Every structure is written in structure tokens, then in C-alpha cells.
Amino acid sequence: MEKKLIECLTLRSLKQDLAQMQKWDDAARTREAERISARELHNMLSRSSDDGHDWEAYEKSVKEYCEKKFGTHDAKSILKIIDRHEKLKKLGI
């Protein structure tokens with residue numbers, strides 16, 4: 001599940017960066033990939049197999065999970081937290 005979360009947050013971060021650079025076509029394509037990833041993560045979290053298009057519910061589910069686990073739903077912050085945790089784990093700390 002952590003790999004899917006990382007994928008979803010990486011896509012969200014990339015989408016935000018592309019939008020800030022005004023690369024709208026790339027941002028739109030990334031948004032679609034992010035939505036699919038969010039749906040898959042939502043299905044893992046809720047143990048369901050929803051194939052619908054309730055993007056707001058999927059996004060809300062991911063945000064709530066991130067708030068609960070990391071205390072924030074900011075994609076870049078969470079990716080830094082996960083990266084730091086992985087580095088500490090490799091060092092045995």
C-alpha cells in the first residue's frame with residue numbers, strides 16, 4: 001500500500017509542478033494518472049473494488065488517510081517524510 005501511496009503523491013506533486021509551469025496538457029495527463037492511482041489506493045484502503053468515477057471521494061479518502069498517518073495531506077511533505085523514514089531505516093535508526 002505504501003508504494004501505491006508514494007505513486008499517488010508523486011503524481012499529485014508532479015501535477016502541481018506542471019500546473020505552476022503552465023504546462024497544462026502535461027498537467028491534465030498527470031491528473032488522469034493521479035485519479036486512477038487515487039482510486040486504486042482508495043480501493044486498498046476501503047477493501048472494495050470500486051471502478052466508478054467518484055474522484056472527490058477518492059481524493060477525500062487519500063487526504064484523510066494522509067492526515068491520519070502523517071498529520072498533513074501535502075504531497076511533497078509526505079514524500080519527504082517517507083524518504084527520511086526509509087533513509088533512517090537503512091541506517092538502522
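To the nearest 20 debye, what is the magnitude of the charge dipole of the range 54-93 about its Cα centre, counting +1 on the Cβ of each Lys and Arg and -1 on the Cβ of each Asp and Glu? If you can, show how the numbers build up before the last one.
Numbers: 10 positive and 8 negative charges, 87 e Å.
It works out to roughly 420 debye.
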Report the one residue of Phe70, Leu91, Leu5 whose Cα lies farthest in the direction of the positive end of the charge dipole of the chain (charges on C-beta: Lys and Arg +1, Asp and Glu -1; origin at the Cα centre).
Leu91
Rounded to the nearest 20 debye, what is the charge dipole size of the chain about its Cα centre when +1 sits on each Lys and Arg Cβ and -1 on each Asp and Glu Cβ?
520
Using the Cβ atoms and a cut-off under 11 Å, what net charge is assigned to the surroundings of Lys23, where Lys and Arg are +1 and Asp and Glu are -1?
-1
Scoring the chain by relative contact order with C-alpha pairs under 8 Å, at least six apart, yields a percentage of 29
If the limit is 27 Å between Cα atoms, which of Lys15/Lys69; Lys23/Lys76; Lys60/Lys87 go over it?
Lys60/Lys87
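Working out 0.36 nm times the residue gap between Thr72 and Ala33, then minus their Cα-Cα distance, what length gain in nm do you get to one decimal? Mind showing how you got there, number by number?
Working: separation 39, 0.36 × 39 = 14.04 nm, distance 2.20 nm.
Difference between extended and current length: 11.8 nm.
Subtracting the Cα-Cα distance from 0.36 nm times the residue separation, let me have the gained length for Trp55 to Gln20 in nm, one decimal. Present the calculation step by step, with values, prior to reporting the outcome.
Values: separation 35, 0.36 × 35 = 12.60 nm, distance 2.19 nm.
Additional length available on full extension: 10.4 nm.
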Considering the zone a paramagnetic label at Glu86 would reach in this model (a point 7 Å from Cα along the Cα-to-Cβ line), which residues of the range 1-43 have amide N under 14 Å from it?
1-11
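Each reported figure results from applying straightforward, stated rules to the coordinates on display, with no laboratory input. These numbers were taken from a predicted model, which means no experiment stands behind them. Using ideal geometry, Cβ is built from the backbone for each residue, glycine included, and neighbour counts are taken over all protein chains shown.
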